[in-house]
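Right, one structure below, let's go through it.
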Amino acid sequence: MRYFLSASLAAILFASSLAQAESGTALKNDTLRKEPYNDAKTSGQLKRGDKVDIVRKQGAWLQVKSAKTSGWVRLLSVRRAASTGNQAAGVLSVASGRAGTGQVVATTGVRGLTEDELKQAQFSEPETKLLESYSVSAADGAQYAKAGGLKPIKLGYLPKPVATQGENP
Amino acid sequence: MKKTAWACLFASLLSLPPQAMAFDLGGALKDAVEKNAGDLINDKNSNDADATQAKPEGNSLANINWKSPSKEDEIKLGREIAGNLLGAAPLVKNPALQQYVNRVGRWVASQSERSDLPWHFGVIDSDDINAFAAPGGYVLITKGLYKRLHNEAELAGVLGHEIAHIVQKHQLKVLQKQQLLSLGAGLLSGKVAKGNLAIEKVIGSGAEISARSLDKDAEYEADRMGLILAARAGYDPYGLPEVLSDLADISSNDGSIALLFKTHPAPGERLSALAEATSNTAISLPEGKAVKNRFYKLEDK
Ligand SMILES: [Zn+2]
């Protein structure tokens, strides 16, 4: 219930910040979906380099339109043109943005590891020894990677974006 | 301005306690002070507890150089913390799975600046959705999170995030500050002679430190580094974003993810920050491999 409320508020507030259409480019081949969920029906394909118009954001998803097709695609699959820090704040997204579709996540009532459980935990020497017994050498790791066809590449770390984590613009 | 308003809306609408939104180090430090004050007052009980759970290492933690911990200090601390976590949730008794995770994790860790650490990876028997890092190279992922993964690149991304915490010494720095405060609290209460005991207590309850809220920037940094570490290892760099995208689909009311949501920014925010980081740079990310065929599938019970 609270969820719905927050989602609709979110939609209203996003609307203003996205009044004018943004454009973007597909960073990778990806599937377009009819709704913003991983298991939603396919509505088309996006090819790396395709130009799209971004209709709106919802959670981790972007609704996009291209000359050929339209649908929802994962946010990171599209590089937004002329992106600015402010837009990022909009994707705060109320955690999932799936409210309103009636899709319910299974809440099995499984109790998670709580902070209290962690605070009260007792050191286990046998388990720690067991953990250490599974370690492999750097050479073993490299060999396994090679067997899987993985090739290491040189790549610098991503710099911290200027506006995203700042206080107020 | 806009962002601040958002944070408030978010917190109040979901009725999260205020501290759930406060990922600042200040909050963690305040906790540490309060906890230490409590420990010193309850010395009697603490002594009893210590007597009944003697550890083989004895007092080795008392010799840690808190000002500038050595690599050995770091590993000692991490071992203690990881061992505590394993006391709460033991390893999944599946050697093939554990070996697989170690092979993948070790390869990703080798792409970091701290390839020299003795890296240990493990899947713990908990339906919770979470992963943990402790100083010196200890990384644990829950069975609950592992089961949601689809390929090796996703595993590499998740482990990469935890490896980044260790490389950047995020938890170690929190522990160091906590320790300084602990000694300070000892002085104030005139119990400085029990300094060593206080040290034991801080670390003794240390399993929680691996799950404690870090500075929000530390989480975003671990995401950015984790993505690159996986990419350096030859994996599809989108593994970590895929996992975050999947986690964004889980309701925050689901208890199995409560702790992760409490200690990390929401997956949607993390995705957004990653999107920003990858779109504002001239670096083009490589395609990489998903490696699905040999991914170790963990069957349901
Ligand atoms: Zn983290």
Q.
So B:Gln99 passes all but one of these: (1) modelled with pLDDT of 95 or more; (2) within 16 Å of the ligand (Cβ to nearest atom). Which condition number does it fail?
A. (2)
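Given the residues A:Val52, A:Val91, which is the only one that is open to solvent by less than 40 Å² (accessible area, probe 1.4 Å), assigned by TED's automatic domain parsing to the domain that holds A:Pro36 and at pLDDT 90 or above? It would help to see each step written out before you state the result.
Details: A:Val91 fails: at pLDDT 90 or above.
Result of the check over A:Val52, A:Val91: A:Val52.
Out of all the residues in segment B:168-178, which are more than 11 Å from the ligand (Cβ to nearest atom) and within 12 Å of the chain's Cα centre (by Cα)? Spell out how you get there, then give the answer.
First, the residues of segment B:168-178 that are more than 11 Å from the ligand (Cβ to nearest atom): B:169, B:172-178.
Listed by number, the residues that qualify are B:Lys169, B:Leu172, B:Val174.
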Q. Only one of these conditions is not met by B:Val123: (1) of a type outside the set (S, T, N, Q); (2) more than 16 Å from the ligand (Cβ to nearest atom); (3) not in a strand (DSSP E or B). Which number is it?
A. (3)
Q. Residues in segment B:235-247: is at least one in contact with a helix residue (DSSP H, G or I) (Cβ under 8 Å, 6 or more places away or on another chain), open to solvent by less than 10 Å² (accessible area, probe 1.4 Å) and outside any helix (DSSP H, G or I)?
A. yes
(Q) When you check B:Ala207 against the structure, is it modelled with pLDDT of 90 or more and crowded, with 24+ Cβ neighbours inside 10 Å, yes or no? (A) no
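Suppose we keep only residues that are closer than 21 Å to B:Ala88 by Cβ and within 15 Å of the chain's Cα centre (by Cα) within segment B:140-160. Which one would you say is nearest to the ligand (Cβ to nearest atom)? Working first, answer last.
Step one: of segment B:140-160, the residues closer than 21 Å to B:Ala88 by Cβ are B:140-148, B:158-159.
Those still in the list that are within 15 Å of the chain's Cα centre (by Cα) too: B:140-142, B:145, B:158-159.
Values: B:Leu140: 12, B:Ile141: 12, B:Thr142: 13, B:Leu145: 12, B:Val158: 10, B:Leu159: 12 Å.
Result: B:Val158.
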Q: Give segment A:55-71 a look and list any residue that's open to solvent by less than 40 Å² (accessible area, probe 1.4 Å) and modelled with pLDDT of 90 or more, or say none.
A: A:Val64, A:Gly71
Q) Where residues in segment B:114-171 are surrounded by 24 or more Cβ atoms within 10 Å (Cβ to Cβ) and of a type in the set (Phe, Trp, Tyr), which of them is farthest from the other protein chains (Cβ to nearest Cβ)? A) B:Phe132
Q: Taking the residues in segment B:103-113 that are at the interface with chain A (Cβ under 9 Å from one of its Cβ atoms) and outside any helix (DSSP H, G or I) as candidates, determine which candidate is nearest to B:Arg224 (Cα to Cα).
A: B:Gln111
Q.
Checking the structure you have, find out if any residue of segment A:149-169 is modelled with pLDDT of 75 or more, aliphatic (A, V, I, L, M) and assigned to a helix (DSSP H, G or I).
A. no
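Here are B:Leu298, B:Leu274: which of them is within 7 Å of chain A (Cβ to nearest Cβ) and either in a helix (DSSP H, G or I) or farther than 21 Å from B:Val167 by Cα (or both)?
Working: B:Leu298 fails: within 7 Å of chain A (Cβ to nearest Cβ).
Every option except B:Leu274 fails the conditions.
B:Ser251: closer than 18 Å to A:Ala26 by Cβ and away from the ligand (no atom under 16 Å from the Cβ), yes or no?
Working: closer than 18 Å to A:Ala26 by Cβ: no; away from the ligand (no atom under 16 Å from the Cβ): yes.
When the stated conditions are applied, B:Ser251 does not pass them.
The values are calculated or read from the model by the stated rules, or taken from the named source; none is laboratory data. Keep in mind it's a predicted model, so treat the numbers as computed, not measured. Ideal geometry is used to build each Cβ from the backbone, glycine not excepted, and the neighbour counts take in all protein chains shown. Side chains are part of the model used for accessible areas, which takes the heavy atoms of the whole protein and leaves out ligands, DNA and RNA. Shrake-Rupley method; radii C 1.70, N 1.55, O 1.52, S 1.80 Å.
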